[in-house]
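The values are calculated or read from the model by the stated rules, or taken from the named source; none is laboratory data. As the structure is a prediction and not an experimental result, all values here were calculated from the model. Don't worry about glycine lacking a Cβ; one is built from the backbone with ideal geometry, like all the others, and counts go over all protein chains shown. The protein model used for the area step is the full one, side chains on, heavy atoms only, and it has no ligands, DNA or RNA in it. Shrake-Rupley method; radii C 1.70, N 1.55, O 1.52, S 1.80 Å.
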Amino acid sequence: MMKKLTTTLLIICISVAVFAQETVSMQVNAKADKDKISRFIYGHFAEHLGRCIYDGFYLEDSTLNVPKQGRIRMDVVNALKAINIPLLRWPGGCFADRYHWSDGIGPKDKRPLRINSTWGMVPEDNSFGTDEFLQLCNLLNCEPYIAGNVGTGTPQQMSDWIEYLNFGGKSTLADMRRANGHAAPYKVAFWGVGNESWGCGGDMTPEYYADLYKRYAAFCINYPGAPLKKIMSGANADDYNWTEVSMKNVRPNQMWGYSMHYYTIVNNWQHKGSATNFNEEEYFKGLKSCLNIETLINKHSAIMDKYDPEKKVSLCVDEWGIWTDPEPNTNPAFLYQQNSLRDALIAASSLNIFNKHCDRIRMANLAQTVNVLQALVLTQKEKMVLTPTYYVFDLYKYHQDATLLPVNFFSPDYKYGEESIPAVNASASKDSNGVIHITLVNIDPNNKITVNASLNGAAFKTTEGQVLTSASFSDVNTFDNPNKVKLAAFSDFKKIGNDLSINLPPMSVVLVTLK
Ligand code: AHR
C-alpha cells in the first residue's frame, strides 16, 4: 500500500515538474500606450566588403540576366522592399574611416581606382558611390544612414560631403550634385561621426574621440529642411568605460544617437565556429551569446540614464548579428557565411530584446544585408536565396512603428550540460489599426512549450499565425534547395475567452496576429 502511494506521488511530482517545465503563463499588457517601437530598429547595414555592394546590390557583370535598374539588382531590392526595409547604413563599417566621398562621384571613368585595404586588398573602382547609394535607397524606399570618415578624413571633407548632399541653394558642391543628376537636395538625416573609433576607426581613447566627435560634429551643418541626426561612435560590446566617458563629455543635445556594436560569437574571435556544421553544444553557446546582448543594453542604458535621464539620446545598435567562420573555399576577407535556422532564432530573439528596450533603442542595423555575415539575401550569378533570417524580418515587420505592449512571464530553462538559458522570449505590439502582433521564440530544440497568454481584457475576434521552423537547427537554404527553411501557416493555438493558448514547436519563431 505504502509502496503504491509513493509511486503515485512520484508520478504526480514528475508530471508536475514536466508540466511546469513546459508551460508559460504570459501577461501581455494590451492597454499600454507609452512606447513606440521605432521602425529603424529593423534597419540594415551594407559595407564595401566582400560581395555585399559589388556582386550583391550592384552588378559587377551588367550583362547578367536579372531584373535591374542600371547596375542595381532589382530582385534583391524587391525582396528587401517586401519586408519594409526602413534604413540602410553605408559605406562601412571599418571601410568608412578610409573612404573619401569625392572618389565616388561624377563620371565613372574619371573615378580613381583604390585598394580596399580594409577588406582583402581588392580593387575598389568607386563605381558605387554617393549618388548610386542614394539611388539604391530611393528604390528601396528607405532612409539612408551615412557613416562619415573621422579616421583618415578631415572635418572639411565631412562638411563638404553634407553640403553636396543636403544644400538646396547655389554653391559649387550643390551644383556638382545637380550636374551628377540630382537637382533636389537628398536630405540625408542619419549621420555617423566615425565608426568603431576605439578600433579600426583610429584606435582612439574615449577621451580623445569625445573631443574629436565634438570637433567634427560642429561642422556637420543642418541645411534648411535637412536637420541631421548625428550618431556618436559608441562602445564595443561591454566597454562601459567608453559609454561613461562619452556621455560625460558630450551633451545630449550634441548627438541624436550613440552607437553600440555587438556580434554573437559561438566560440571565440579566432575560431568562431562553422555556420552550417555545428552540434547542440555550439547551438546552445550561440544562443547564449546572443541573449547576452540584453545585459549589455541594460548596463549601457543605465550609464546613459545617469547623464540623459529623459532618454533624448537614442541607443543605436548599428551593427549586430552572428559572425561565424567564413564558408570554406571563399575569400576569408569577404566574410561570406551561410545562414541557418539557428541564426533566425538569434535574429528573432535579438529583435524581441530591442523591441522591449525601445524606450532607449531607436535604431539597430543587422550586419550585413547581402552575402556578408548574417545576410538576408545570398546571390550567386542569376540566383538569389532568401535566408532563414530574412523570414524573421518578414514576420516582425508588423512591429515597425507600432506601440509596444510589454509582456511579463517566467521562461522555463533550456538546459545544456550544466548550463541553462531562458527557452522562451517574446514581444508584442499594437499597430495603428489596433491589430495586435505577438512574436514568440522557443529556443529549446527538444521540447514544445505551451504559452498561455492573457491579454489584459483586450477583445479580438480573429486570430492568424505563422511559424518559422525546420527539422534541424543547422538547416539552411541553398541555391539548389532554396525553400528548405521558410514560413508556414500556424494554427496550433486556441482562443479561450479573451486569452490564448499557443503551442510553440521546438526551435521555432511564431507570429500570432489578433484582430
Ligand atoms: O561588419 C564587419 C565589421 O565589423 C565592420 O566593418 C566593423 O565596424 C565591425 O568591426
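Residue check: is TYR307 of a type outside the set (A, V, I, L, M) and within 16 Å of the ligand (Cβ to nearest atom)?
In short, no.
Give me the pairs, please: first residue somewhere in region 330-359 and at positive phi, second residue anywhere and outside any helix (DSSP H, G or I) and at pLDDT 95 or above, beta-carbon distance under 7 Å, and either six or more positions apart or on two chains.
Going by the 7 Å Cβ cut-off, the qualifying pairs are LEU335/LEU49; LEU335/GLY50; LEU335/PRO326; LEU335/VAL372; LEU335/LEU373.
Within region 444-489, can you find the residues that are of a type in the set (S, T, N, Q) and free of Cβ contacts under 8 Å to residues at least 60 places away in the same chain?
Hits for region 444-489 are THR462, THR463, ASN481, ASN483.
Out of curiosity, is ILE449 crowded, with 20+ Cβ neighbours inside 10 Å, in contact with a Lys or Arg (Cβ under 7 Å, 6 or more places away or on another chain), at pLDDT 95 or above and within 14 Å of PHE493 (Cβ to Cβ)?
Considered against the rule, which asks whether it is crowded, with 20+ Cβ neighbours inside 10 Å, in contact with a Lys or Arg (Cβ under 7 Å, 6 or more places away or on another chain), at pLDDT 95 or above and within 14 Å of PHE493 (Cβ to Cβ), ILE449 comes out as no.
Just to be sure before I move on: is PRO388 in contact (Cβ under 8 Å) with a residue 40 or more places away in the chain, open to solvent by 10 Å² or more (accessible area, probe 1.4 Å) and of a type outside the set (D, E, K, R) in the structure I sent?
No.
Out of ASN253, ASN241, which single residue is under 30 Å from ALA184 (Cβ atoms), open to solvent by 20 Å² or more (accessible area, probe 1.4 Å) and more than 18 Å from the chain's Cα centre (by Cα)?
ASN253
When TRP198 is evaluated against the numbered criteria (1) within 16 Å of the ligand (Cβ to nearest atom); (2) closer than 14 Å to TYR307 by Cβ; (3) of a type outside the set (A, V, I, L, M), which criterion, by number, is the only one it fails?
(2)
Considering only region 114-143, state which residues are acidic (Asp, Glu) and either closer than 18 Å to HIS44 by Cα or within 16 Å of the ligand (Cβ to nearest atom) (or both).
Result: GLU124, GLU132, GLU143.
Any idea which residue in region 334-372 is nearest to the ligand (Cβ to nearest atom), counting only those that are among the basic types (Lys, Arg) and either assigned to a helix (DSSP H, G or I) or open to solvent by less than 10 Å² (accessible area, probe 1.4 Å) (or both)?
Per the criteria, the residue is ARG342.
For region 99-113, enumerate the residues that are more than 16 Å from the ligand (Cβ to nearest atom) and surrounded by 17 or more Cβ atoms within 10 Å (Cβ to Cβ).
Residues satisfying the conditions are TRP101, SER102, GLY104, ILE105, ARG111.
Considering region 172-193 alone, what residues qualify as being among the small types (Gly, Ala, Ser) and surrounded by 13 or more Cβ atoms within 10 Å (Cβ to Cβ)?
Correct list: ALA174, ALA189, GLY192.
Within region 37-53, how many residues are aliphatic (A, V, I, L, M) and part of a helix (DSSP H, G or I)?
Adding up the residues that qualify gives 1.
On the given criteria, is ASN331 of a type in the set (S, T, N, Q), touching a strand residue (DSSP E or B) at 6+ places or on another chain (Cβ under 9 Å) and within 16 Å of the ligand (Cβ to nearest atom)?
The answer is yes for ASN331.
Can you name the residue in region 79-98 that is within 16 Å of the ligand (Cβ to nearest atom) and in contact with a Ser or Thr (Cβ under 8 Å, 6 or more places away or on another chain) and is also most open to solvent (accessible area, probe 1.4 Å) among such residues?
Taking the candidates together, the pick is ARG98.
Looking at region 155-171, which of its residues are assigned to a helix (DSSP H, G or I), open to solvent by less than 30 Å² (accessible area, probe 1.4 Å) and over 16 Å from GLY129 (Cβ atoms)?
Correct list: PRO155, SER159, ASN166.
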